[in-house]
Amino acid sequence: MHFISERQLDDGVLERHFTIDEIPGILWTPPSSPAPLILMGHPGGLGAMYPRLAGRARRAAVDGYVTATIELPGSGDRPRSVDAEQARADLRHALAAGEPVGEIVDRLILPLVEQAVPEWQTTLDALLALPNVRGPVGFSGGVLAIAIRLALVEPRIVAAGLFAGSFVSRSMFEEARQVTIPLHVLLQWDDCGNDRQMALNLFDSFGSLEKTLQANMGGHTGVPPFAGDDAARFFTRHLT
């Protein structure tokens, strides 16, 4: 892990940009540390996502958590995948035409999961080696398929707050049945770009004994402010 910049935010949070194996990432550390770690997932494009990620990180810092995120494969300044770009184009066309998308989702999501999850694990190794970061570890956000695989294969993650709505390969429903850590799943009921019924079916498939589904009215960007407070209480129960 190589730190390339750092700055102190006005609330005392230390924001540091880093690279690990040429993958860019950001680490936010609260004034009181060492502290438990939350990994923040997102749909890609650190530059475009930065305001929302920084807001989530600063909210988590108030509760005493270190947070970190990395860029997704094929997003931001990372090399593009020709196959992934074609799959995205095919997905947009199929959705507009009302055609089945299962095979296209497999082409897009499964290679992404196979590449992204080991990158997250490598990042987690490096983060937990830092003096101001400790366990337990939580995961917050998406991409949902990445979060499912990571929750299944990474025993250091003890709780996850998931953002429902992104596409998940049907083959990953079996993996979801093997996920047993506590889950807090956020679903926007009117997110027209995603499959609500698939999200409900997936929630039903999770093997966790403690799992909560919070469904709110509104579209993809209409998440109510109190939803963040509910997620914060979830992590407080399981990380502190």
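Values quoted throughout were computed directly from the atomic coordinates according to the rules given, and no laboratory measurement underlies them. These figures come from a predicted structure and were not determined experimentally. Methodologically, a virtual Cβ is constructed for each residue, glycine included, from the backbone with ideal geometry; neighbour enumeration extends over all protein chains shown.
Table for the structure above
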{"item": "Simple spin-label estimate for residue 97 and residue 80 in nanometres, 7 Å along Cα-Cβ", "result": "2.2"}
{"item": "Residue list for the range 194-208, given a label point 7 angstrom along the Cα-to-Cβ vector of residue 173 and an amide N cut-off under 13 Å", "result": "197-206"}
{"item": "At q = 0.21, 0.22 Å⁻¹, base-10 log of I(q)/I(0) for the range 22-101 (Debye sum, equal scatterers on each alpha carbon)", "result": "-0.91, -0.95"}
{"item": "log10 of Debye I(q)/I(0), alpha-carbon scatterers only, for the range 178-240 at 0.17, 0.28 Å⁻¹", "result": "-0.64, -1.19"}
{"item": "Size of electric dipole in the range 1-126: Cβ of Lys, Arg +1 and of Asp, Glu -1, about Cα centre, debye, nearest 20", "result": "420"}
{"item": "Long-range amide H partners of residue 166 with built H, under 5 Å", "result": "144"}
{"item": "Amide H within-cut-off set for residue 215, under 5 Å, with H built and near neighbours excluded", "result": "187"}
{"item": "Relative contact order computed over the range 167-240 (Cα-Cα under 8 Å; 6+ residues apart), in percent", "result": "38"}
{"item": "Evaluated at q = 0.13, 0.17, 0.20 Å⁻¹: base-10 log I(q)/I(0), Debye formula over Cα of the range 162-209", "result": "-0.27, -0.46, -0.63"}
{"item": "Computed over the chain: relative contact order in percent, which uses C-alpha pairs under 8 Å that are six or more apart", "result": "16"}
{"item": "Relative contact order (%) - criterion: Cα under 8 Å, at least six apart; region: the range 44-120", "result": "26"}
{"item": "Kyte-Doolittle mean at least -0.5 and Cα axial length at least 20 Å: DSSP H helices in the chain", "result": "46-62, 82-97, 102-128, 225-239"}
{"item": "Over the chain: Rg over Rh, Cα atoms, Kirkwood Rh", "result": "0.95"}
{"item": "Prolate/oblate/rounded call for the range 32-77, Cα gyration tensor, a/c under 1.5 rounded", "result": "prolate"}
{"item": "Computed [θ] at 222 nm, deg cm²/dmol, the chain (DSSP H ≥ 4; -39,500 (n - 2.57); rounded to nearest 500)", "result": "-13500 deg cm²/dmol"}
